[in-house]
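*Asks:* Structure in structure tokens, see below.
The values are calculated or read from the model by the stated rules, or taken from the named source; none is laboratory data. Since we're looking at a predicted model, the values are computed, not measured. Cβ coordinates were reconstructed from backbone atoms using ideal geometry, including for glycine residues, and neighbour counts include every protein chain displayed.
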Amino acid sequence: MGKQRVLSGVQPTGNYHLGNYLGAIRNWVEGQSEYENYLFVADLHAITVPQVPYDSTRLASDTYTLVALYLACGLDLDYSTIFVQSHVSAHSELTWLLNCITPLNWLEDMIQFKEKAVKQGENVNVGLLDYPVLMAADILLYQADKVPVGEDQKQHLELTRDIAARFNHQFGKPDQQVLKLPDPLIRKEGARVMSLADGTRKMSKSDPSDLSRINLLDPPDQIQYKIKRCKTDPIRGLTFDDPERPECNNLLTLYMLLAGKAKKEVAAQCQDMGWGQFKPLLTDTIIESLKPIQEKYQAITEDKGYLESVLRDGRQKAQAIANQTLAQVKAALGYSVPL
Ligand code: TRP
């Protein structure tokens, strides 16, 4: 049997931070040799929220940065195909076809849509509502077996399964499904990295305060400054899982994940520490673990031709699979084949 296929993506919105790394990219890297991986930059999703202020160079440069970070974090082209969503036009095309079989109320019920719509007030475009159908197209085009998703994207994966099942039911033959239903890939140590300013909120690239996150490309002095300033509590002795101490849990978890230690070990090591002792330890651990990524990133970005060749290959491999699925979907829907 061949390897199972994994598919996932991240939006190119700049400020790539420890949450993106520990919650997504690092997991892809760790599991990559077991699977056949298709990992992409979700640049079509990136315009579902208004780009303000508009800067015509930003989308492309954030895309290149993300691809360089994928590689710098250790994605290996022997196992992983890296590509850009907008380079494979089948994503947009399948979205349209799936739009026409997706009930409107399924989309109106999506939690993330409701949350983002409230945040955006008057300025809600159709793309924001349609976001999950585009995501379904991303996944279904590659007949993915597994999709590593965090808590916030689980509902979208459920919807993807519902859309695929509905399509197969309406247009497939009983013995032959056109679209494969993907399963979530859930990892034991689901890392939810929280904001440095508030341990109850997720670390986020859209938080207006840069002090709330550690960006993967932050230089050492900035990391030191951010950890020095981050929110803590006045209690001595550090513990995991105390609901009264979300910041403490978050910072210990960061240390545990980056130092590669077991939870028990960290709990024992830090139980009598105060913040004055723990913060320098955490600072050094973050700086040391980001150093190789930052060095590799520098080397990769110095060679734009290399990045372009990675994306050219990725696009070709992705297109080969995506176009095949698209053709099957169109055939199932009864479209004429262009001569
Ligand atoms: N919506 C995802 C996010 O913001 C990104 C994404 C787009 C994605 N398409 C996908 C993730 C398909 C997994 C599979 O995190």
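*Asks:* Among (1) within 12 Å of the ligand (Cβ to nearest atom); (2) farther than 20 Å from residue 84 by Cα, there is one condition residue 119 misses while meeting the rest; what is its number?
*Replies:* (1)
*Asks:* Could you check how many residues of region 17-31 are crowded, with 22+ Cβ neighbours inside 10 Å and away from the ligand (no atom under 14 Å from the Cβ)?
*Replies:* Looking only at that region, the number is 1.
*Asks:* I would also like to ask the following. Has region 254-275 got at least one residue that is within 22 Å of the chain's Cα centre (by Cα), assigned to a loop (DSSP other than H, G, I, E, B) and not aromatic (Phe, Trp, Tyr)?
*Replies:* Yes.
*Asks:* Any chance region 1-16 includes a residue that's surrounded by fewer than 22 Cβ atoms within 10 Å (Cβ to Cβ), assigned to a strand (DSSP E or B) and either more than 13 Å from the chain's Cα centre (by Cα) or more than 14 Å from the ligand (Cβ to nearest atom) (or both)? Write out each step before concluding.
*Replies:* Filtering region 1-16 for residues surrounded by fewer than 22 Cβ atoms within 10 Å (Cβ to Cβ) gives 1-5, 10-11, 13-15.
If we keep only those that are assigned to a strand (DSSP E or B) too, we end up with 5, 10.
With either more than 13 Å from the chain's Cα centre (by Cα) or more than 14 Å from the ligand (Cβ to nearest atom) (or both) added as a condition, the list becomes 5.
Yes, region 1-16 contains a residue that is surrounded by fewer than 22 Cβ atoms within 10 Å (Cβ to Cβ), assigned to a strand (DSSP E or B) and either more than 13 Å from the chain's Cα centre (by Cα) or more than 14 Å from the ligand (Cβ to nearest atom) (or both).
*Asks:* Only one of 48, 65, 57 is among the β-branched types (Val, Ile, Thr), surrounded by fewer than 23 Cβ atoms within 10 Å (Cβ to Cβ) and closer than 22 Å to residue 317 by Cα; which?
*Replies:* Working: 48 fails: closer than 22 Å to residue 317 by Cα; 57 fails: closer than 22 Å to residue 317 by Cα.
The unique qualifying residue is 65.
*Asks:* State all residues of region 159-201 that are over 29 Å from residue 248 (Cα atoms), free of Cβ contacts under 8 Å to residues at least 40 places away in the same chain and touching a strand residue (DSSP E or B) at 6+ places or on another chain (Cβ under 9 Å); if no residue qualifies, say none. Walk me through how you get there before you give the answer.
*Replies:* Here is the first cut: in region 159-201, the ones over 29 Å from residue 248 (Cα atoms) are 159-184.
Next, from what is left, pick out any that are free of Cβ contacts under 8 Å to residues at least 40 places away in the same chain: 160-161, 164-165, 168-169, 173-177, 181, 183-184.
If the condition is that a residue be over 29 Å from residue 248 (Cα atoms), free of Cβ contacts under 8 Å to residues at least 40 places away in the same chain and touching a strand residue (DSSP E or B) at 6+ places or on another chain (Cβ under 9 Å), then 160, 161, 168, 183, 184 are the ones that fit.
*Asks:* Now for a different question. What do you reckon, is residue 55 within 15 Å of the ligand (Cβ to nearest atom) and without any contact (Cβ under 8 Å) to a residue 60 or more places away in the chain? Break it down into steps so the answer makes sense when it comes.
*Replies:* Values: within 15 Å of the ligand (Cβ to nearest atom): no; without any contact (Cβ under 8 Å) to a residue 60 or more places away in the chain: yes.
No; evaluated as a whole, the condition is false for this residue.
*Asks:* Next question, about the same structure. Only one of (1) buried (at least 20 other Cβ atoms within 10 Å of the Cβ); (2) free of Cβ contacts under 8 Å to residues at least 60 places away in the same chain; (3) more than 22 Å from residue 156 (Cα to Cα); (4) not hydrophobic (A, V, I, L, M, F, W, C) is not met by residue 81, so which one is it?
*Replies:* (2)
*Asks:* Taking the stated definitions as given, is residue 97 in a helix (DSSP H, G or I) and either modelled with pLDDT of 95 or more or within 12 Å of the ligand (Cβ to nearest atom) (or both)?
*Replies:* Working: in a helix (DSSP H, G or I): yes; either modelled with pLDDT of 95 or more or within 12 Å of the ligand (Cβ to nearest atom) (or both): yes.
Judged against the criteria, residue 97 is a match.
*Asks:* Anything in region 126-160 that is under 17 Å from residue 326 (Cα atoms) and more than 12 Å from the ligand (Cβ to nearest atom)? List them, or say none.
*Replies:* Listed by number, the list holds a single entry, 143.
*Asks:* Take the residues of region 32-52 that are touching a strand residue (DSSP E or B) at 6+ places or on another chain (Cβ under 7 Å) and assigned to a loop (DSSP other than H, G, I, E, B): which is farthest from the ligand (Cβ to nearest atom)?
*Replies:* Within region 32-52, the subset touching a strand residue (DSSP E or B) at 6+ places or on another chain (Cβ under 7 Å) is 32, 35-43.
Subset that is assigned to a loop (DSSP other than H, G, I, E, B): 35, 42-43.
Working: 35: 14, 42: 4, 43: 10 Å.
Selected residue: 35.
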